[in-house]
1. So in segment 83-113, with the set limited to residues that are of a type in the set (Gly, Ala, Ser) and more than 18 Å from the chain's Cα centre (by Cα), which one is most open to solvent (accessible area, probe 1.4 Å)?
2. Can you tell me which residue in segment 115-166 is surrounded by the fewest Cβ atoms within 10 Å (Cβ to Cβ), limited to those that are farther than 23 Å from residue 73 by Cβ and in contact with a His (Cβ under 9 Å, 6 or more places away or on another chain)?
3. Identify the single condition in (1) under 25 Å from residue 47 (Cβ atoms); (2) out of contact with any His (no Cβ under 9 Å at 6 or more places or on another chain) that residue 219 does not satisfy, given that it satisfies every other one.
4. Within the set of pairs 6 or more residues apart or between chains, which connect a residue that is under 20 Å from residue 67 (Cα atoms) and modelled with pLDDT of 95 or more inside segment 28-50 to a residue that is polar (S, T, N, Q) and open to solvent by 50 Å² or more (accessible area, probe 1.4 Å) with Cβ atoms less than 7 Å apart?
5. Looking at 181, 238, 209, which one is in contact (Cβ under 8 Å) with a residue 12 or more places away in the chain, more than 17 Å from the chain's Cα centre (by Cα) and closer than 30 Å to residue 45 by Cβ?
6. Tell me which residues, restricted to segment 141-168, are out of contact with any strand residue (DSSP E or B) (no Cβ under 7 Å at 6 or more places or on another chain) and of a type in the set (Gly, Ala, Ser).
7. Which fully enclosed strands (runs of 3 or more DSSP E) of segment 11-82 have 2 or more residues being within 18 Å of residue 140 (Cα to Cα) and open to solvent by 40 Å² or more (accessible area, probe 1.4 Å)?
Amino acid sequence: KYLRDREWQVREAVLPGQPEGPNKFACDITRIAQVRKLVSRTDGLSHVFHLAAITFVPASSADPANTFEVNVQGTINLLECTRVIHPRARFLFVGSAAVYGHPLSIPVTEDHPLAPREPYAISKAAADQYCEYIFRANKANVVRMRPFNHSGAGQSDQFVLSNFARQIARIERGDLPPTLKVGNIDAARDFLHVDDVVRAYELAALKGKPGEAYNVSCGEGRSIRDALNTLLSRSKTKIEFVQDPERMRPVDIQEISGSYAKLQAHTGWKPQIKFDRILDDLLEYWRAQP
């Protein structure tokens with residue numbers, strides 16, 4: 001949507017079985033023949049924004065084989081087809097800051113060693129490194145993005161801030177009792193608004209340097225507890241919260257934040273949207289849902 005609003009000519013892939021259209025094509029990224037057909041459809045392809053992935057950490061841990069097939073083999077399929085069919089096209093790989101694991105220092109820069117700690121992060125690190133290898137081996141026009149946590153209206157309630165906002169909206173409607181279930185709320189994360197993140201992707205696609213990796217971050221860790229308290233202060237009813245053992249992760253990083261200095265130096269990007277806007281947008285979105 002952001003690219004269309006910016007007057008890009010956009011074609012997108014959807015999962016097989018989802019509605020197709022003039023610029024929407026079904027493609028299972030793990031099937032090389034389908035990927036080749038998808039990439040071949042567009043003459044003069046200039047950019048590929050690769051976001052297709054298994055992204056929910058518990059789901060990746062429950063089925064690591066599928067996670068690696070989608071996140072690693074899918075990336076190889078799409079990158080190789082793009083490189084062969086449209087060698088001048090820029091390939092923007094959307095990875096994850098999860099590849100850094102436990103930070104040795106904060107804020108994390110792109111030079112930090114990769115030390116992923118669970119299947120999702122391991123798969124993203126492998127795909128990231130494959131993209132870097134293809135740049136070294138073939139001078140492929142590839143840029144690697146390492147976004148930190150981001151959220152906004154429409155995000156799945158599998159993810160923490162969206163989940164809190166949906167629970168609050170349902171409690172306000174009377175669909176749930178006034179007790180909100182939480183996991184580890186003492187962890188601190190570097191949160192961005194999704195609109196800032198997609199703007200970073202466009203700028204990196206246009207101005208980033210081939211072969212480089214870029215953090216997309218705000219440079220500040222914010223505790224999930226603080227976010228929860230802010231959301232609760234915006235609630236229309238009194239709500240308490242309780243820790244749910246099912247929401248605790250066996251492998252969790254207590255605090256991480258990233259430096260966006262390199263992305264700013266190469267593209268001019270910096271975060272613009274305040275954290276409270278993320279929470280307001282989430283609450284507004286979930287209150288509007290049936």
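The values are calculated or read from the model by the stated rules, or taken from the named source; none is laboratory data. Bear in mind the structure is a predicted one, so any value in this text is a computation, not a measurement. As a convention, Cβ positions derive from the backbone with ideal geometry for all residues, glycine included, and neighbour counts pool all protein chains shown. With ligands, DNA and RNA removed, areas are computed over all heavy atoms of the protein, side chains included. Shrake-Rupley method; radii C 1.70, N 1.55, O 1.52, S 1.80 Å.
1. Restricting to residues being of a type in the set (Gly, Ala, Ser) and more than 18 Å from the chain's Cα centre (by Cα), the top hit is 105.
2. Result: 152.
3. Answer for residue 219: the failing condition is (1).
4. Note: pairs meeting the criteria are 28/34; 30/73.
5. 209
6. Hits for segment 141-168 are 151, 153, 154, 156, 165.
7. Numbers: elements: 12-14, 24-26, 47-50.
Qualifying strands (runs of 3 or more DSSP E): 47-50.
This table checks each residue for (1) assigned to a loop (DSSP other than H, G, I, E, B); (2) at pLDDT below 95; (3) buried (at least 22 other Cβ atoms within 10 Å of the Cβ).
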site: 168; (1), (2), (3): no, no, yes
site: 172; (1), (2), (3): no, no, no
site: 185; (1), (2), (3): yes, yes, no
site: 198; (1), (2), (3): no, no, no
site: 201; (1), (2), (3): no, no, yes
site: 210; (1), (2), (3): yes, no, no
site: 220; (1), (2), (3): yes, yes, no
